[in-house]
Amino acid sequence: MKRLGVNIDHVATVRNARGEIHPDPYKAALFVKKKGADSITIHLREDRRHIRDLDAKKICSIKKLLVNLEISTNRNIVKNALRIKPKFICIVPENRNEITTEGGLDLKKNKNKIKKIISQFKKKKIRTSLFVNPNIKDIYLSKEIGADCIEIHTGHFSNLIKSKKSFIKEYLKIKKCAILASKIGVEVHAGHGLDFKSTKILTKINEIVEFNIGHFIIGESIFYGLPFVIKKFKRIIKN
Ligand code: PXP
């Protein structure tokens, strides 16, 4: 069964724009769960530009809510995440000047560091995932490092679709990586830049069992509301 993870970072972005307490990401986490999200994702960035420590702590304390906490390899962030104890973590690269996560991890360069971080979370029985580019070498490295899952960065794929360019080559790259990962025992997720169209195409890849989607869901909800948008994504993913 394929799952939908809803990223609620941009609820915090809207809140922070006013410097007040509304809209509340904690309330959003409860609401999206009620409306059908299988899990929620939050990214505790080093600059705390959206989700903050207190948000993460409160959201991760919600019983029966599966929270996927995205973190960088920064020592303090890792320490905080171990204290916050989410159900899942996803390690992502982070660059202060980026608008959003621009690519997958450089696993070759950071292999030992990431391996150590993964073992710390595994000891606490937290599911571990690595945000990777659709690259065969990174799939083997993810397995070697001990990750339970990979999340394939779909940003390039999504951009090709949005700009009406040929996406077949990128689609086949993602498919090949997903098949390999699944074969070697690493669960496959996908995320970044996804909308209705790109998600629908990726559902043809059976090995992808989880989609993590944020910006489009929050943006589209301005017009149609979260319940409608979540319901539509669930329908796409389940078909
Ligand atoms: N997955 C990961 C690992 C991410 O870093 C992000 C962006 O925070 C997403 C999924 C969601 O991307 P988008 O907001 O473009 O849907």
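The values are calculated or read from the model by the stated rules, or taken from the named source; none is laboratory data. Computed from a predicted structure; not experimentally measured. Using ideal geometry, Cβ is built from the backbone for each residue, glycine included, and neighbour counts are taken over all protein chains shown. For the accessible areas, the whole protein counts, side chains as well, though only heavy atoms, and no ligand, DNA or RNA atoms are used. Shrake-Rupley method; radii C 1.70, N 1.55, O 1.52, S 1.80 Å.
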Problem set entry | Options Asn95, Asn112: the member that is more than 18 Å from His189 (Cα to Cα) and within 16 Å of the ligand (Cβ to nearest atom) | Asn95
For this session: Please go through region 208-227 and pick out each residue that is of a type in the set (Ser, Thr, Tyr) and either touching an Asp or Glu at 6+ places or on another chain (Cβ under 7 Å) or away from the ligand (no atom under 14 Å from the Cβ) (or both).
Result: Tyr224
Exercise. What number of residues within region 107-127 satisfy the criterion of being surrounded by 22 or more Cβ atoms within 10 Å (Cβ to Cβ) and free of Cβ contacts under 8 Å to residues at least 24 places away in the same chain?
Worked result: 0
Exercise. What are the pairs, 6+ residues apart or on separate chains, where a residue within region 89-106 that is open to solvent by 50 Å² or more (accessible area, probe 1.4 Å) and among the β-branched types (Val, Ile, Thr) has its Cβ under 8 Å from a residue that is near the ligand (Cβ under 10 Å from one of its atoms) and assigned to a loop (DSSP other than H, G, I, E, B)?
Worked result: Thr100/His192
For this session: Of the numbered conditions (1) within 14 Å of the ligand (Cβ to nearest atom); (2) open to solvent by less than 10 Å² (accessible area, probe 1.4 Å), Lys162 fails exactly one; give the number of that condition.
Result: (2)
Exercise. Do any residues in region 210-226 that are part of a helix (DSSP H, G or I) have Cβ atoms under 6 Å from those of residues that are open to solvent by 30 Å² or more (accessible area, probe 1.4 Å) and within 14 Å of the ligand (Cβ to nearest atom), where the two are at least six apart or on different chains, and which pairs are they?
Worked result: Ile218/His10
For this session: For Phe121, state whether it is under 21 Å from Gly185 (Cβ atoms) and out of contact with any helix residue (DSSP H, G or I) (no Cβ under 8 Å at 6 or more places or on another chain).
Result: no
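Residue by residue, here is whether (1) among the polar types (S, T, N, Q); (2) within 15 Å of the ligand (Cβ to nearest atom); (3) part of a loop (DSSP other than H, G, I, E, B) holds:
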residue: His189; (1), (2), (3): no, yes, no
residue: Gly193; (1), (2), (3): no, yes, yes
residue: Ser198; (1), (2), (3): yes, yes, no
residue: Asn206; (1), (2), (3): yes, no, yes
residue: Val229; (1), (2), (3): no, yes, no
Exercise. If you go through region 128-136 one residue at a time, do you hit one that is more than 30 Å from Asn16 (Cα to Cα), within 14 Å of the ligand (Cβ to nearest atom), in contact (Cβ under 8 Å) with a residue 12 or more places away in the chain and not in a strand (DSSP E or B)?
Worked result: yes
Exercise. When region 206-229 is examined, which residues are found to be over 16 Å from the mean Cα position of the chain (by Cα) and surrounded by 21 or more Cβ atoms within 10 Å (Cβ to Cβ)?
Worked result: Leu226, Val229
